[in-house]
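Input: one structure, supplied below.
FYI, it's all coordinate maths here, none of it is from the lab. Source: prediction; values computed, not measured. Backbone-built Cβ (ideal geometry, glycine too); neighbour counts: all protein chains shown.
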Amino acid sequence: MRLLLFSFFLLALASCRQVVDAVNMKQMAPELVEYGKSADAWYEFMPEFAPHFCLKTRYAVVYTDSQMKLGYWRLRHPLPPQRVMMEARGDSLILHRSFVWDGVSFGRTEPRELMPSLLHDALYYALQGNAPFTRREADLAFLRACRRYNCSGKYASYLSVRALGGFFGKPAGSLAPIVELTSPATPSAPLEP
């Protein structure tokens, strides 16, 4: 309980802008919205689901972190045709085209927060399918990504996901993604065009 209260206190001190934006609902920085409309963008918005904060990848995204130890596995969507959505190859996470996420959990997503939010959402989705790593490892990967991309309020964000992330990393029952264990010798799934 003390950790939870301390996390909220640090979050409020370190990131007042995000707390104010949380009250005003989720949103994306205007430059993210503009870039998402361009043909060069690696992501696009899905206005049919949630204008300006539901995103999906246009291309495969590979994120590598030498301290990440995810093991080897492949994650499939639970509904037919059960396409491969992501796979882990040791210290790399491959997110296939059309992976959907929603930016930071509250407030406004800034450009430097986009990749850490994508990584964290993907890892938590994999946890719903019982991928072979812990929530703590996912949260530490998020913190390292926040450092890499120089996110403001990174420690407050880390403490919030540590305190509150357990509500979102639980198995999802019949709609849980399907995680298949693989090995280093297993070839990567073909990337969709």
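Net charge near ALA60: determine it from the other residues with C-beta under 13 Å of the C-beta of ALA60, scoring Lys and Arg +1 and Asp and Glu -1.
Result for the neighbourhood of ALA60: +3.
Next question, about the same structure. With r defined as the distance between the Cβ atoms of GLU34 and GLU192 and R0 fixed at 30 Å, what FRET efficiency is calculated, to the nearest 0.05?
That gives a FRET efficiency of 0.70.
Going highest first, how would you order 29-37, 108-116 by mean Cβ packing within 10 Å?
My ranking of the peptides, most packed first, is 108-116, 29-37.
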